[in-house]
1. For LEU117, state whether it is in a helix (DSSP H, G or I) and either within 16 Å of the ligand (Cβ to nearest atom) or closer than 28 Å to GLY38 by Cβ (or both).
2. Of all residues in the range 120-143, how many are more than 19 Å from the chain's Cα centre (by Cα) and surrounded by 15 or more Cβ atoms within 10 Å (Cβ to Cβ)?
3. Can you go through VAL97, VAL111 and tell me which one is open to solvent by less than 60 Å² (accessible area, probe 1.4 Å) and within 16 Å of the ligand (Cβ to nearest atom)?
4. Looking at (1) assigned to a helix (DSSP H, G or I); (2) open to solvent by 40 Å² or more (accessible area, probe 1.4 Å); (3) in contact (Cβ under 8 Å) with a residue 40 or more places away in the chain, find the lone condition where ALA164 falls short.
5. Any residue in the range 137-160 that is of a type outside the set (Lys, Arg), assigned to a helix (DSSP H, G or I) and within 13 Å of the ligand (Cβ to nearest atom)?
6. Kindly indicate the residue of the range 1-60 that is hydroxyl-bearing (Ser, Thr, Tyr) and in a helix (DSSP H, G or I) and also farthest from the chain's Cα centre (by Cα) among those meeting that condition.
7. Does ALA78 fit the bill of being within 17 Å of CYS39 (Cα to Cα) and open to solvent by 40 Å² or more (accessible area, probe 1.4 Å)?
8. Can you tell me how many residues within the range 144-158 are open to solvent by less than 80 Å² (accessible area, probe 1.4 Å) and in contact with a helix residue (DSSP H, G or I) (Cβ under 9 Å, 6 or more places away or on another chain)?
Amino acid sequence: MLTKKMETALNRQIELEGYASFLYLSMASWCDNEGLDGCAQFMHRQSDEERAHMLRIFHYISDVDGHAIVPAVKKPPAKFKSVQEMFKQVYTHEQKVTKSINELVALCYEVDDYGTLNFLQWYVEEQREEEALMRSILDRIKLIGDGPQNLYFIDNEIKKVNEAEMAAGAAENEAEA
Ligand code: OFO
């Protein structure tokens with residue numbers, strides 16, 4: 001049984017994960033328009049992942065007899081100054097999500113909700129991985145250089161990152177099966 005306070009906080013997290021999914025979908029569309037196929041594939045996969053994160057909380061709330069609420073969708077930006085700027089925004093958003101997960105963990109202790117604390121461990125680890133991934137992408141872009149003549153190389157690099165992430169995800173699913 002969820003406390004009202006926890007239910008409200010988890011519903012806010014649903015909103016944040018849902019916004020991340022739409023923001024990354026918008027980024028995927030911008031990349032497609034710019035001819036950055038590797039980046040577009042990466043952002044589409046990230047968008048799908050965020051939707052899965054949102055649904056995981058959605059089902060958890062229902063499982064513990066709470067009421068999961070579908071949030072209103074805030075319109076994400078449609079254009080980005082450069083690939084580097086776009087990934088900086090992704091990193092900033094992930095940091096915001098991490099902060100919010102940490103606040104949820106703190107709330108678990110405040111209201112003695114150890115079931116939710118256990119549920120949130122997966123998110124704590126996921127956020128650590130996501131932040132590390134975005135930092136490594138920003139480092140690569142910095143090394144390659146963000147000039148227009150380097151976009152082809154950046155896009156190829158992100159394509160490789162995406163393929164590695166897909167392979168890791170498939171291996172994880174296999175191990176869980
Ligand atoms: Fe779900 O926000 Fe990061 O991964």
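The values are calculated or read from the model by the stated rules, or taken from the named source; none is laboratory data. In this text the structure is predicted, and so the values were computed from the model without any measurement. No Cβ is skipped: glycine too gets one built from the backbone with ideal geometry, and neighbour counts run over all protein chains shown. Please note that ligands, DNA and RNA were not included when accessible areas were found on the heavy atoms of the full protein model with its side chains. Shrake-Rupley method; radii C 1.70, N 1.55, O 1.52, S 1.80 Å.
1. Working: in a helix (DSSP H, G or I): yes; either within 16 Å of the ligand (Cβ to nearest atom) or closer than 28 Å to GLY38 by Cβ (or both): no.
No: the conditions fail for LEU117.
2. 2
3. Working: VAL111 fails: within 16 Å of the ligand (Cβ to nearest atom).
Only one candidate qualifies: VAL97.
4. Against the list (1) assigned to a helix (DSSP H, G or I); (2) open to solvent by 40 Å² or more (accessible area, probe 1.4 Å); (3) in contact (Cβ under 8 Å) with a residue 40 or more places away in the chain, ALA164 comes up short only on (3).
5. Kept after step one, since they are of a type outside the set (Lys, Arg), are these residues of the range 137-160: 137-139, 141, 143-158.
Now drop any that are not assigned to a helix (DSSP H, G or I), which leaves 137-139, 141, 143-144, 148-158.
Within this subset, residues satisfying the condition of being within 13 Å of the ligand (Cβ to nearest atom) are none.
Within the range 137-160, not a single residue is of a type outside the set (Lys, Arg), assigned to a helix (DSSP H, G or I) and within 13 Å of the ligand (Cβ to nearest atom).
6. Just the residues of the range 1-60 that are hydroxyl-bearing (Ser, Thr, Tyr), to begin with: 3, 8, 19, 21, 24, 26, 29, 47, 60.
Next cut, in a helix (DSSP H, G or I) only: 8, 19, 21, 24, 26, 29, 47, 60.
Numbers: THR8: 20, TYR19: 9, SER21: 7, TYR24: 8, SER26: 13, SER29: 16, SER47: 7, TYR60: 18 Å.
Looking at the filtered set, the residue picked out is THR8.
7. Yes, satisfied.
8. First, the residues of the range 144-158 that are open to solvent by less than 80 Å² (accessible area, probe 1.4 Å): 144-147, 150-151, 154-158.
With the extra rule that they be in contact with a helix residue (DSSP H, G or I) (Cβ under 9 Å, 6 or more places away or on another chain), the set shrinks to 144-146, 150-151, 154-158.
Within the range 144-158, residues that are open to solvent by less than 80 Å² (accessible area, probe 1.4 Å) and in contact with a helix residue (DSSP H, G or I) (Cβ under 9 Å, 6 or more places away or on another chain) number 10.
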